1. Being surrounded by fewer than 10 Cβ atoms within 10 Å (Cβ to Cβ), touching a helix residue (DSSP H, G or I) at 6+ places or on another chain (Cβ under 8 Å) and among the charged types (D, E, K, R): is that true of D7 here?
2. Tally time: how many residues in the range 31-90 are within 30 Å of I5 (Cβ to Cβ), of a type in the set (D, E) and surrounded by 10 or more Cβ atoms within 10 Å (Cβ to Cβ)?
3. So the check is Cβ under 8 Å with 6+ separation or different chains; which pairs have a first residue in the range 52-71 that's on the phi < 0 side of the Ramachandran plot and a second one that's among the small types (G, A, S)?
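A short reminder: the numbers here are calculations on the coordinates, not readings from a lab. Keep in mind that what you see is a predicted model, and the values were worked out from it rather than measured. Every residue, glycine as well, gets a Cβ built from its backbone with ideal geometry; the counts of neighbours run over all protein chains shown.
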Amino acid sequence: MANMIVDNAKVMSKGQITLPKEIREQLGIGTGDRVTLICEGDQVVMMNAAVYAMKMLQGGMQGEAAKSGLETEEDIDALVREVREEVEGL
């Protein structure tokens, strides 16, 4: 695995941990940011919540363009032009 970081964190009395700086930097997490925790069996995967939300959206939308007949860049450009014309005509 590229960029693998192995580190430890101590669990405090309220269940809080401090994420090591290297991990925060790799995940792009700063003060006030949210994280998503995914527990699978005896492992927990932690992700930047914004990145997780985008991956879920992309997964849910996969294949939808083809179902709508949008198969080429030209199809998408034509749809964008059509929507813009509708909006501008309002």
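1. Numbers: surrounded by fewer than 10 Cβ atoms within 10 Å (Cβ to Cβ): yes; touching a helix residue (DSSP H, G or I) at 6+ places or on another chain (Cβ under 8 Å): yes; among the charged types (D, E, K, R): yes.
When the stated conditions are applied, D7 passes them.
2. If we filter the range 31-90 for residues that are within 30 Å of I5 (Cβ to Cβ), which is where we start, we get 31-60, 62.
This time we only want the ones that are of a type in the set (D, E), so: 33, 40, 42.
If we keep only those that are surrounded by 10 or more Cβ atoms within 10 Å (Cβ to Cβ) as well, we get 33.
Number satisfying all stated conditions: 1.
3. Cβ pairs passing all conditions: E71/A65.
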